[in-house]
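Peer 1: Quick one: the structure is below, questions incoming.
Any read-out appearing in this document is the output of simple, stated calculations on the displayed coordinates, not a laboratory observation. As the structure is a prediction and not an experimental result, all values here were calculated from the model. Glycine gets a Cβ as well: all are built from the backbone with ideal geometry, and neighbour counts include every protein chain shown.
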Amino acid sequence: AFHYPEFSKTHLNAAPLFRIEAAGTTAYTLPPEGLQVLDELIFSDEVSEQKDKIIDITDVLYNNYNSFYLSTTKNGLSKGNNKTLALRIELIRIYTLGLTGFDTPGSLNISEEASFAFQGMQKYIKTESYFKNFDTSKAEKLIAESTIYLSKNKDFESFDRIEFYKKYLQPLYEELGKWDGNSDDLKEFSGWNLNNKNFFSSDFLDPYFFTILKESEDSEELRNLGKEIFFDQNLSDNGKMSCATCHLPEKGFTDGKMKSLSNMEGKTVLRNSPSLYNAVFAKRFFYDMRAFYLEQQAEHVIYNNDEFNTSYESIIKKLKTKPEYKKVFRKAFKNGNIDKQNFSKALSSYVASLYSFDSDFDRFMRNEKEISDDAKKGFN
């Protein structure tokens, strides 16, 4: 999955539910297929009625895997320099998709599935010559201890995911991160921050991977300017609508409505407003995925007749007439220009700051604070 993610996602372990995929400026829906679908069918109450379907899926998976195996045997795997990345990503998969039951939705055999994954990691470390460059004893010990823990804790409902993470998964994840700091060009196609030591780090993902805005361009002054723009109703055509009209902070940056209100009284738009928390990490925007970047998303609202019903030209003209905006633009940008590019960067900076990776629970998982037993039960 690490070396050939597209093949794995499409032919081996596709989504167990209908999944929307982007294609240019449009979207299409992929049906459920793969290992997760097979697991759910085999362990369903209607397994006897699903026999033919199970056989068909098994045949397809076998043929796909056989082709994959022959290809990798002949051509080898990744030519990348950092072979620990696959191990660290597998730990993320085990915890987020494995132990949650997402990868085994029918059987809920989370411990057995995770055990096989750890065995594969152990074999990879022992047989891959690359790892002879490192002292692997601590990692191998943690893998062995993890496998023992899994063998003793097999019940899905009572499995203590917090204990397992803190005692085994997180120390192993951190240890593997010490072996090789080579990014292996990962930053070109992933927003995962390789330098973090914890799945629950506030910087686990790099928001600037997903934006046109660069980290070197961002600042507190820019975020503050973006916040002012976000709440300014005067920028819309009728002077009554701002970004915050449909994305209210007190409602998690949604509006809590089935369909969001338009700029005309009593009329709604086609859909409701999604939360802006963690929106920066989205690959596409809007339900039909028509916007590629966070910065591009805003213009669909600006030009929409039912929303801002205006244009960048009109907004920039309004901003230039206000002395207070001239002042904050000069603070945020060296050139002080009030233009479309700087306007977009400011708005992007504010929305990009709205991510929820530093909650009380995140801090608890980083051993920075304590939480209630009820909160722990809620996670487990």
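Peer 1: With unit charges on the beta carbons (Lys and Arg positive, Asp and Glu negative) and the dipole taken about the Cα centre of segment 77-227, which residue among Leu222, Phe131, Leu169 sits farthest to the positive side?
Peer 2: Among Leu222, Phe131, Leu169, the one farthest towards the positive end of the dipole of segment 77-227 is Phe131.
Peer 1: Taking amide H positions as placed in the peptide plane 1.01 Å from N, state which residues far from Ala291 in sequence (5 or more) or on other chains have amide H under 5 Å from it.
Peer 2: Result for Ala291 returns Phe285.
Peer 1: Oh, and also: Looking at the chain as a GNM with Cα springs under 10 Å, which of Pro31, Pro105, Pro16 has the largest mean-square fluctuation?
Peer 2: Pro31
Peer 1: Pairs of alpha-carbon atoms within less than 8 angstrom and 6+ residues apart define the contacts here; what relative contact order does the chain have, in percent? All intermediate terms of the calculation are to be shown ahead of the outcome.
Peer 2: Values: 465 pairs, mean separation 53.9, N = 380.
RCO, the chain: 14 percent.
Peer 1: By how many degrees, between 0 and 90 and to the nearest 10, does the Cα long axis of helix 340-352 differ from the longest principal axis of the chain?
Peer 2: Roughly 50 degrees between the two axes.
Peer 1: Leaving out same-chain residues fewer than 8 places away, which lysines sit with a Cα under 26 Å from that of Lys152?
Peer 2: Partners found: Lys123, Lys126, Lys138, Lys141, Lys166, Lys167, Lys376, Lys377.
Peer 1: If I take every Cα pair under 8 Å that is 6 or more residues apart in segment 215-352, average their sequence separation and divide by the length, what percent do I get for the relative contact order?
Peer 2: In percent, rounded to a whole number, it is 30.
Peer 1: Treating only the Cβ atoms of Lys and Arg (+1) and Asp and Glu (-1) as charged, compute the dipole magnitude of segment 241-380 about its Cα centre; round to the nearest 20 debye.
Peer 2: So the dipole magnitude of segment 241-380 works out to roughly 640 debye.
Peer 1: Put +1 on the Cβ of every Lys and Arg and -1 on every Asp and Glu Cβ in segment 215-352; which of Phe285, Gly256, Thr321 then has its Cα farthest towards the positive end of the dipole?
Peer 2: So the residue we want is Thr321.
Peer 1: For Asn304, which sequence-distant residues (separation of 5 or more, or a different chain) have an amide H within less than 5 Å of its own amide H, given hydrogens modelled in the peptide plane?
Peer 2: Amide H neighbours of Asn304, under 5 Å, 5+ apart: Asn309, Thr310.
Peer 1: Compute the orientation-averaged projected area for segment 1-77 from the convex hull of its Cα atoms and round it to one decimal in nm².
Peer 2: Over all viewing directions, segment 1-77 projects a mean Cα-hull area of 6.2 nm².
Peer 1: For the Cα atoms of the chain, what angle does the longest principal axis make with the long axis of helix 84-93, in degrees from 0 to 90, nearest 10?
Peer 2: The two axes meet at around 80 degrees.
Peer 1: Taking just the C-alpha trace of the chain, give me its Rg and Dmax in Å.
Peer 2: Here Rg and the maximum Cα pair distance are 24.5, 74 Å.
Peer 1: Could you work out the relative contact order of segment 16-67? I mean the mean sequence separation of Cα pairs under 8 Å and 6+ apart, divided by the number of residues, in percent.
Peer 2: 26
Peer 1: Related question: State the Kirkwood hydrodynamic radius of segment 227-380 in Å, one decimal place, computed from all pairs of distinct Cα atoms. Walk me through the numbers before you get to the answer.
Peer 2: Working: mean 1/r = 0.0576 Å⁻¹.
Kirkwood radius, segment 227-380: 17.4 Å.
Peer 1: While we're here: As I understand it, the value is the acute angle between the Cα axis of helix 220-230 and the longest principal axis of the Cα atoms of the chain; what does it come to in degrees, rounded to 10?
Peer 2: 70
Peer 1: Order the peptides 170-180, 298-308, 325-335 from the highest to the lowest mean number of other Cβ atoms within 10 Å of their residues.
Peer 2: By packing density, highest mean first, the sequence is 170-180, 298-308, 325-335.
Peer 1: Name the aspartates and glutamates eligible as straight-distance cross-link partners of Lys267: C-alpha to C-alpha under 18 Å, and not fewer than 8 places from it in the same chain.
Peer 2: Asp237, Asp255, Asp306, Glu307
Peer 1: Follow-up. Among the aspartates and glutamates, select those whose C-alpha is under 17 Å from the C-alpha of Lys369, and discard any that sit fewer than 8 residues away in the same chain.
Peer 2: Within the straight-line limit of under 17 Å, Lys369 reaches these aspartates and glutamates: Glu163, Asp358, Asp360.
Peer 1: Can you tally the net charge around Glu295? Count Lys and Arg as +1, Asp and Glu as -1, for every other residue whose Cβ sits under 11 Å from the Cβ of Glu295. Before the final figure, lay out the partial values.
Peer 2: Details: positive: Lys340, Lys345; negative: Glu299.
Residues near Glu295 contribute +1 overall.
Peer 1: Which peptide among 345-354, 207-216 comes first, and what is the full order, when sorted by highest mean count of other Cβ atoms within 10 Å?
Peer 2: Values: 345-354: 22.8, 207-216: 16.4.
Result, highest mean first: 345-354, 207-216.
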